[in-house]
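Here's the structure we're looking at; comments come further down.
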């Protein structure tokens, strides 16, 4: 998870572009899947050890989860906002990623209201990492750019091109 956050921070800083970030994230996912398969085979070979004590729980969270939240600056109110906004199908690790890159749960709700109801988790992170906000999405729609993909919208914002520029370019190309 730490590597994913580093990739998203590099995207937000402009060190890499969206395509490069997607490639890095895909490579990390492949690597994690291989590691998991290796770990599963190791677990089968090892004899089971008796558990001595359960991990202490603090409400809905374990001690380790609370440590992880504190390390990336995610407080319990952020988790509550995630759940309240309807994001009940995402994992604890995904909540940490949202908090680490500064994606507010309200963004998802407002993005849906702006006409993009079926965002994937990766799209939410990408949009949040480059600062796409619902007002930008509304500008995209108002400029008549309804045929753009989420990746194209993210790329527009990442390079600082406003929707009105695309709209003017379309108008000029039709005239000329």
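Here, each number is a calculation from the coordinates, and none is a lab measurement. What you are looking at is a predicted structure, and each value in this text was computed from that prediction instead of being measured. Neighbour counts are summed over all protein chains in view; Cβ atoms, including those assigned to glycine, are modelled from backbone coordinates with ideal geometry.
Taking R0 as 22 Å, what's the FRET efficiency between residue 83 and residue 120 from their Cβ-Cβ distance, rounded to 0.05? Rounded to the nearest 0.05, the efficiency is 0.70.
Computed over region 91-153, the alpha-carbon pair-distance distribution with 10 angstrom bins reads 22, 57, 18, 3, each value a whole percent. Stretching the chain fully between residue 147 and residue 104 yields a gain of 12.9 nm (0.36 nm per residue, less the alpha carbon separation).
In plain terms, the chain from residue 72 to residue 161 could stretch by 29.0 nm, reckoned as 0.36 nm per residue minus the Cα-Cα distance. The packing ranking of peptides 148-159, 71-82, 128-139, highest mean first, is 128-139, 148-159, 71-82, where packing means the average number of other beta carbon atoms within 10 angstrom of each residue. Here residue 169 and residue 62 are evaluated by their C-beta separation; at R0 = 41 Å the FRET efficiency comes out at 0.20.
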